[in-house]
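These notes are about the structure you will find just below.
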Amino acid sequence: MSGASTAAYLARRAAQKERVRILYRRALKDTLNWAVHRHLFYQDEDLDTIDKMIDAGEATYNKWRHPDPYIVPWAPGGSKFTRNPVPPSGIEILYDYGREEND
């Protein structure tokens, strides 16, 4: 991919994500047009059905997730996580770069 096509691709993906976000927010706000009080919706909740839907979603996710996911090297589980040993006691680390006193 050339630089221009990569930029066009990223711009299109960003626009799609924004459209999805806006659509989701509109759908949530539109529920108030059907009933002004949200507690009217909550009375109709069937907790067993919700649990089944969540279980189905989790099963689908587990079926399609990557078997060997990428882990950022310095994150927990990464190859560089806690690579550097803890400094011995008595050593003080100063974080005052550029603010040294002039003698």
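We did not get these values from a lab; they are worked out from the coordinates using the rules stated. Everything numeric here is computed off the predicted structure, so don't read it as measured data. Cβ: placed from backbone, ideal geometry, glycine included. Neighbour counts: every protein chain shown.
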task: For an R0 of 30 angstrom, estimate the FRET efficiency from the Cβ-Cβ distance between Ala14 and Ile93 and round to the nearest 0.05.
output: 0.15
- request: Could you tell me what fraction of 2.2 N^0.38 Å the Cα radius of gyration of the chain comes to, as a two-decimal ratio?
  value: 2.01
task: Mind checking the range 1-101 for GluC sites (Glu not before Pro) that DSSP puts in a loop (not H, G, I, E or B) and that have at most 16 other Cβ atoms within 10 Å?
output: Glu45, Glu92, Glu100, Glu101
- request: Using a cut-off of 13 Å between beta-carbons, work out the net charge of the residues near Ile22 (Lys and Arg +1, Asp and Glu -1, Ile22 not included).
  value: +4
- prompt: Put +1 on the Cβ of every Lys and Arg and -1 on every Asp and Glu Cβ in the chain; which of Trp64, Ile22, Asn84 then has its Cα farthest towards the positive end of the dipole?
  reply: Ile22
- prompt: Taking only DSSP H segments of four or more residues, each worth -39500 (n - 2.57), what value at 222 nm results for the chain once the sum is divided by all its residues, to the nearest 500 deg cm²/dmol?
  reply: -18000 deg cm²/dmol
- prompt: Which of the trypsin sites (Lys or Arg not before Pro) found in the range 2-80 are in a DSSP loop and have at most 13 neighbouring Cβ atoms, other than their own, within 10 Å?
  reply: Arg38, Arg65, Lys80
